[in-house]
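Trainee: Before I ask anything, let me first share the structure, which is written out below as structure tokens.
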Amino acid sequence: MKIGEALRKKRLELGLTQQEMCEGILSRPFYAKVESGKNRINAESLFKILFARQIDLVKFGKLVQGTYDSAENKAEKRYQSQMNVAVSTKDIKLMEKYCQDIIESSNDEILQLRALVALAYFKGELGGLSKEIRVKIKEKFDEGRNWTKRPELLGLLANTMLLWDQDDLNYWIGDLLKKAKKEAVSDLILERYLRLFENYL
């Protein structure tokens, strides 16, 4: 859904006229052309409308994400979703198929590593993961100190906790605790931190 279509959908849900939706921010004729896709709206005006009408940014983002997301991101999300279904149903044959698809088609190395680890875990072969794969995973946490704010790396740590010795786990969990104490993080990241802390304990 395009931005104009999403604005129209939200406006109708709120029971507002076009004039009421854009009042004090844009002229009604200009706004009408935004809804119809003839005019583009700048980010500042868009946010003013969303905030003024108390429209949830996350929900609005989900409405338009499919239109503005890259083909590569869409493919990565599809792979992730397929693997999640296979994991939740514990269907090893399906996991093997999706893992192979991810290895062959995805450019996301973290997704590839997570798929390999998940498959190994469900096949009872976690201990048999090669040293090369373990080194690649460890490098992901050492590449940059911002790993604690990246959901995909937090997911990778959650998937691989059983691979590491206690010193490595203590170090990474300690890093998370420091960040949680001194930096504001989103609710999504905080939820992942709590899940990791629970698994660690």
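Quick note: the coordinates plus some simple rules give every number you see, no bench work behind them. Since the model is a prediction, treat every value here as computed from it, not as a measurement. Cβ: placed from backbone, ideal geometry, glycine included. Neighbour counts: every protein chain shown.
Trainee: Cα-based Rg (one decimal) and Dmax (whole number) for region 135-177, in Å?
Mentor: Values for region 135-177 (Cα only, Rg and Dmax): 9.4, 24 Å.
Trainee: Loop only by DSSP, 14 or fewer other Cβ within 10 Å of the Cβ. Give me the trypsin sites (Lys or Arg not before Pro) in region 75-167 that pass, ordered by residue number.
Mentor: Details: sites: Lys77, Arg78, Lys90, Lys93, Lys97, Arg114, Lys123, Lys131, Arg134, Lys136, Lys138, Lys140, Arg145, Lys149; in loops: Lys90, Lys123.
For trypsin sites (Lys or Arg not before Pro) across region 75-167 that sit outside H, G, I, E and B with at most 14 neighbouring Cβ atoms in 10 Å, the list reads Lys90, Lys123.
Trainee: Let me ask another. Please report the Cα spread of the chain along all three principal axes, rounded to whole Å, starting with the longest.
Mentor: Projected onto the principal axes, the Cα atoms of the chain cover 65, 41, 27 Å.
Trainee: Which lysines, on any chain, are close to Lys33 with Cα under 29 Å apart, when same-chain ones fewer than 8 places away are left out?
Mentor: Leaving aside lysines fewer than 8 places away in the same chain, those within reach of Lys33 are Lys2, Lys9, Lys10, Lys48, Lys59, Lys62, Lys74.
Trainee: Next up: Would you mind finding the longest exposed-site-free stretch of the chain, with exposed GluC sites (Glu not before Pro) meaning DSSP loop and at most 16 other Cβ atoms within 10 Å? Can you show the working numbers first?
Mentor: Values: sites that count: Glu23, Glu125, Glu143, Glu183.
Longest gap between qualifying sites, sites excluded: 24-124.
Trainee: Give me the number: length gained by fully extending Lys182 to Lys138, i.e. 0.36 nm times residue separation minus the C-alpha to C-alpha distance, one decimal in nm. Spell out each step's value before the answer.
Mentor: Numbers: separation 44, 0.36 × 44 = 15.84 nm, distance 2.44 nm.
Contour length minus the Cα-Cα distance gives 13.4 nm.
Trainee: Taking the beta-carbon count within 10 Å as an exposure proxy, list Ser81, Ser45 from fewest neighbours to most. Can you show the working numbers first?
Mentor: Values: Ser81 11, Ser45 16.
Ordered by Cβ neighbours within 10 Å, fewest first: Ser81, Ser45.
Trainee: Then there's this: Which ³J(HN,Hα) values in Hz, rounded to whole numbers, follow from the phi angles of region 186-201 under the Karplus curve 6.51 cos²θ - 1.76 cosθ + 1.60, where θ = phi - 60° and Gly and Pro get x?
Mentor: Per-residue couplings from phi come out as 5, 4, 4, 5, 4, 4, 5, 4, 4, 5, 5, 4, 5, 5, 5, 6 Hz.
Trainee: To two decimal places, what compactness ratio does region 130-201 give when its Cα radius of gyration is scaled by 2.2 N^0.38 Å? If you can, show how the numbers build up before the last one.
Mentor: Details: Rg = 11.7 Å, N = 72, 2.2 N^0.38 = 11.2 Å.
Dividing the Cα radius of gyration by 2.2 N^0.38 Å gives 1.05.
Trainee: Helix 131-142 against the longest principal axis of the chain: what's the angle in degrees, Cα atoms only, rounded to the nearest 10?
Mentor: In the chain, helix 131-142 runs at an angle near 40 degrees to the longest axis.
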